[in-house]
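Enquirer: This structure is in structure tokens; I'll ask about it shortly.
Readers should treat all values here as calculations from the given coordinates under stated rules, not as data from a laboratory. None of these values were measured; they are calculated from a predicted model. Cβ placement follows ideal geometry from the backbone for every residue including glycine, while neighbour counts extend to all protein chains displayed.
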Amino acid sequence: MIDLFNQGGGFMWPILVLWIIGLAIGIVKVFFLFRAGVNTRKFMGQIRQDLKEGGVNRAMETCEKQHGPVASIMHAGLSRAKDGLESAEKAITNAGSIEMAFLERGMIWLGFIIVVAPLLGFTGTVWGMIVAFNDIKTANDISPAVVAGGISQALLTTLFGLVVAMTVQLLYNLATSRIDKLIIDMEEASAELVDTLIDAKGA
């Protein structure tokens with residue numbers, strides 16, 4: 001494997017750096033996204049119980065003990081519940097926007113690597129073909145032995161660039177699917193909290 005990497009030439013190094021960065025960002029991103037998840041129905045059931053038995057302060061304490069975007073927007077809405085339903089809804093909306101920005105942070109770099117890694121590979125391919133034709137010109141011979149080195153370099157850089165893109169794309173898709181799930185949970189929890197506050201006010 002190391003021999004193949006060395007045969008790929010200088011373009012293999014920037015591709016390798018992109019791979020390392022992409023894996024680091026992607027793995028950390030996926031880890032924290034899955035860690036941020038919460039059983040929304042169970043959590044909202046606990047919030048409703050807390051509101052009924054201990055009021056807003058107890059429900060806020062429950063939110064503070066729970067990590068993740070759902071708990072954060074619940075806490076924001078509950079903290080403004082005393083100011084009225086409209087204030088609570090506005091706080092939930094603002095908190096939701098902030099949490100969505102946090103969820104999507106770093107995704108642009110994964111997308112950048114997915115696009116750039118194959119382009120570097122293709123650039124290495126072009127360079128390898130240039131090397132092959134220069135070897136032909138220098139040797140004044142078109143035998144396979146003369147051009148083998150340049151063609152091998154061309155194919156290896158393309159292969160490595162595609163492998164990097166596919167690997168990072170997998171992490172990108174995992175992160176995207178998890179973000180979508182968390183956004184749905186946030187929307188459901190927000191709607192349930194507003195309904196709960198309306199019921200509490202009516203009671």
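Enquirer: Rounded to the nearest angstrom and ordered from largest down, what semi-axes does the equivalent ellipsoid of segment 2-202 get from its C-alpha gyration tensor (root of 5λ)?
Expert: Details: eigenvalues 657, 32, 20 Å².
They are 57, 13, 10 Å, listed largest first.
Enquirer: Which order results if VAL38, VAL126 are arranged by neighbouring Cβ count within 10 Å, fewest first?
Expert: Ordered by Cβ neighbours within 10 Å, fewest first: VAL126, VAL38.
Enquirer: If you don't mind, there's one more thing I want to ask. Once the Cα atoms of helix 69-79 and of the chain are each reduced to a long axis, what angle between those two axes, in degrees from 0 to 90 to the nearest 10, is obtained?
Expert: Helix 69-79 sits at roughly 30 degrees to that axis.
Enquirer: Still on this structure, please answer the following. For a footprinting-style exposure proxy, rank MET100, MET166, MET12 by other Cβ within 10 Å, fewest first.
Expert: Values: MET100 16, MET166 12, MET12 21.
Placing the least packed residue first, the sequence is MET166, MET100, MET12.
Enquirer: Work out the length of the dipole vector of the chain about its Cα centre, built from +1 on the beta-carbon of each Lys and Arg and -1 on the beta-carbon of each Asp and Glu, and round it to the nearest 20 debye.
Expert: 260
Enquirer: Next question, about the same structure. Over segment 72-120, what lengths in whole Å, largest first, do the semi-axes of the equivalent ellipsoid take, defined as the square roots of 5 times the eigenvalues of the alpha-carbon gyration tensor?
Expert: For segment 72-120, the ellipsoid semi-axes come out as 38, 7, 4 Å.
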